[in-house]
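Q: The structure's right below; bear with me while I get my questions together.
The values are calculated or read from the model by the stated rules, or taken from the named source; none is laboratory data. Treat the numbers as computed from the prediction; the structure is a model and nothing was measured. So basically every Cβ, Gly included, is an ideal-geometry build from the backbone, and we count neighbours across all protein chains shown.
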Amino acid sequence: MTQTILVLNGPNLNLLGTREPATYGSETLADITELCRCTGEANGLEIEFFQTNHEGELLDRIHSARGRCAGILINPAAWTHTSVAVRDALAAVELPVIEVHLSNVHKREAFRHYSYVAPIAVGVICGLGSHGYRLGLEHFAHLLKSRP
C-alpha cells in the first residue's frame, strides 16, 4: 500500500521563478511539484501537493491529513515566523512533520530566525533550494520503512 505525504507550501511560493531569484532560485513551483512527484514515485510514496496564500485553507488541508496521510512536508513560508495556528494544526493532526525552506533563513533578517513549526517537527531543512524537498521526502521514505 502506497503511503501519502502531504507537501504544503505557504504564501508567495506561487511566485517562485520570478520572485527574488537571487534568494529563492529560478525554479518554479511547478518544477518543485514535479521534483516531489518523481521523488515520491522513486521512493514508493504518493505525493499530494498544495500551495495557498490563505492561512485558513492551509489549516483545512492540514486537518484533512489526519488519519489519511503518513506525514507532512511543509514550507510554511512567512507563516513559519508568525502563525501559532499553523503550528497548532500541525501538532493536532499527530503526524510526523518536516519543515523545509528554499533559502537559509538563518542568513537572512533576524525575524526569520524563529520558527513556530521547528519545535514540533521531526527535522528542518533550509538553504538547499528545491533539493531540500527531495531530502525531506527521502527521509519520510526512510522513516516509514523503519516503522514496525
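Q: Tell me, please, whether a residue that is modelled with pLDDT of 95 or more and at positive phi can be found in region 97-118.
A: No, because not a single residue in region 97-118 is modelled with pLDDT of 95 or more and at positive phi.
Q: Here's another thing I want to ask about it. Looking at region 53-71, is at least one residue touching a residue at least 60 places away in the same chain (Cβ under 8 Å), under 19 Å from ARG112 (Cβ atoms) and not basic (Lys, Arg)?
A: Checked region 53-71: no residue is touching a residue at least 60 places away in the same chain (Cβ under 8 Å), under 19 Å from ARG112 (Cβ atoms) and not basic (Lys, Arg).
Q: Restricting to region 109-148, name every residue that is without any contact (Cβ under 8 Å) to a residue 12 or more places away in the chain and of a type in the set (D, E, K, R).
A: Passing the criteria: GLU109, LYS145, ARG147.
Q: With (1) buried (at least 19 other Cβ atoms within 10 Å of the Cβ); (2) acidic (Asp, Glu); (3) touching a residue at least 40 places away in the same chain (Cβ under 8 Å) as the list, and GLU99 as the residue in question, which single condition is left unmet?
A: (3)
Q: Go through region 1-38 and count every residue that is over 14 Å from the mean Cα position of the chain (by Cα) and within 27 Å of LEU143 (Cα to Cα).
A: Adding up the residues that qualify gives 7.
Q: Looking at region 34-51 only, could you name the residues that are in contact (Cβ under 8 Å) with a residue 24 or more places away in the chain and outside any strand (DSSP E or B)?
A: Those that are in contact (Cβ under 8 Å) with a residue 24 or more places away in the chain and outside any strand (DSSP E or B): LEU35, CYS36, THR39, GLY40, ASN43, GLY44.
Q: While we're here: Out of the residues in region 4-57 that are polar (S, T, N, Q) and closer than 11 Å to ASN75 by Cβ, state the one that is surrounded by the fewest Cβ atoms within 10 Å (Cβ to Cβ).
A: ASN12
Q: May I ask you to say which residue of ASN53, ASN43 is in contact with a Pro (Cβ under 6 Å, 6 or more places away or on another chain) and among the polar types (S, T, N, Q)?
A: Of the residues listed, the single one that is in contact with a Pro (Cβ under 6 Å, 6 or more places away or on another chain) and among the polar types (S, T, N, Q) is ASN53.
Q: I'd like to check something: does region 61-75 contain any residue that is in contact with an Asp or Glu (Cβ under 7 Å, 6 or more places away or on another chain) and of a type in the set (Gly, Ala, Ser)?
A: No, every residue in region 61-75 fails to be in contact with an Asp or Glu (Cβ under 7 Å, 6 or more places away or on another chain) and of a type in the set (Gly, Ala, Ser).
Q: Another question, then. ARG108 is checked against (1) loosely packed, with under 14 Cβ neighbours inside 10 Å; (2) over 16 Å from the mean Cα position of the chain (by Cα) and fails just one. What number does that condition carry?
A: Answer for ARG108: the failing condition is (1).
Q: Moving on. Could you look through region 128-148, keep only residues that are small (Gly, Ala, Ser) and modelled with pLDDT under 95, and pick out the one that is surrounded by the most Cβ atoms within 10 Å (Cβ to Cβ)?
A: Within region 128-148, the match that is surrounded by the most Cβ atoms within 10 Å (Cβ to Cβ) is GLY129.
Q: If you scan region 17-33, which residues turn out to be modelled with pLDDT under 95 and assigned to a helix (DSSP H, G or I)?
A: Scanning region 17-33 gives PRO21, ALA22, THR23, TYR24.
Q: Search region 1-16 for residues that are modelled with pLDDT under 95 and pair each with any residue that is aromatic (Phe, Trp, Tyr) when their beta-carbon atoms are under 9 Å apart and the residues are at least 6 apart or on different chains.
A: Within 9 Å, the pairs are LEU15/TYR24; LEU16/TYR24.
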